[in-house]
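Only one structure is covered here, and it is reproduced in the block below.
Values in this text are rule-based calculations from the coordinates and carry no lab data. Everything numeric here is computed off the predicted structure, so don't read it as measured data. Using ideal geometry, Cβ is built from the backbone for each residue, glycine included, and neighbour counts are taken over all protein chains shown.
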Amino acid sequence: DFNSSSNSASDSLISIFRTPDIGFTYLITPSLSVALFYPNDISPNGAVVALDGQPAMLEEVKKRMAAKQLTNVRTLLSRIDRDELERDSFDRALLVAVLGEIPDREAALRHIFAALKSGGLLSITEVIPDPHYQPKSLVCHLAEAAGFQFDSQYGNWLAFTLNFKKPDKSAIQN
């Protein structure tokens, strides 16, 4: 349950994966985050797409996933700010210490919004001392401008995770 009572940003990030027996599809960037945060209890019915613009990072993910014998992780060489994701195809999208590195953050969040299914979750984690750290207020502004609704937050200004939901289609039409 992503509304965990934990105050830790890392606990929140890991809890997003904990969906026993649910076949969620995840979009994760940068790709190496999959190798760092992918717990063993993700549903085998689920799927993960590790997106990265750097081929070397994707190769590292492939090696680590092979070592763990995980077969439900697919890599995608792309930039998140390009409109290359299938619409309404992901249940959850995780951005881990990467938002500040994206040249067109607004476009990236619009594309993620389109790629998430109705009711989907966007989780953005930022950590100091990341040189591209984005403050909570800016993350909220960017996500809400893309159409997301604030859901929950974990951590503090040094390390935080903010969760946003894509409204259900019925709520968007009203």
* Structure fact -> With 0.36 nm assigned to each residue of separation and the Cα-Cα distance removed, Glu59 to Lys169 gains 35.9 nm
* Count charges around Lys165 for me, please; just the other residues with Cβ under 13 Å from its Cβ, Lys/Arg as +1, Asp/Glu as -1. => 0
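Loop only by DSSP, 12 or fewer other Cβ within 10 Å of the Cβ. Give me the chymotrypsin sites (Phe, Trp or Tyr not before Pro) in the range 74-174 that pass, ordered by residue number. Mind dumping the intermediate values first?
Details: sites: Phe90, Phe113, Tyr133, Phe148, Phe150, Tyr154, Trp157, Phe160, Phe164; in loops: Tyr133, Phe148, Trp157.
Sites meeting the loop and neighbour criteria: Trp157.
By how many nm would the segment from His141 to Asn72 grow when fully extended, if each residue of separation counts as 0.36 nm and the alpha-carbon distance is taken off?
Values: separation 69, 0.36 × 69 = 24.84 nm, distance 3.32 nm.
Difference between extended and current length: 21.5 nm.
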* Asked: For Leu27, Leu95, Leu76, what's the fewest-to-most ordering of other Cβ within 10 Å of each Cβ?
  -> Leu76, Leu27, Leu95
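Under 8 Å for C-alpha pairs, at least 6 residues apart: give me the relative contact order for the range 61-174, rounded to a whole percent. Don't skip to the answer; put the middle values down first.
Numbers: 184 pairs, mean separation 27.7, N = 114.
Taking the mean separation of contacting Cα pairs over the length of the range 61-174, I get 24 percent.
Cα convex hull of the range 67-141: how many Å³ per residue? Please report the intermediate quantities before stating the final value.
On the way: hull volume 9.3 nm³, N = 75.
Cα-based convex hull of the range 67-141, divided per residue, equals 124 Å³.
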* Asked: Which lysines have a Cα lying under 29 Å from the Cα of Lys169, excluding residues fewer than 8 positions away in the same chain?
  -> Lys117, Lys136
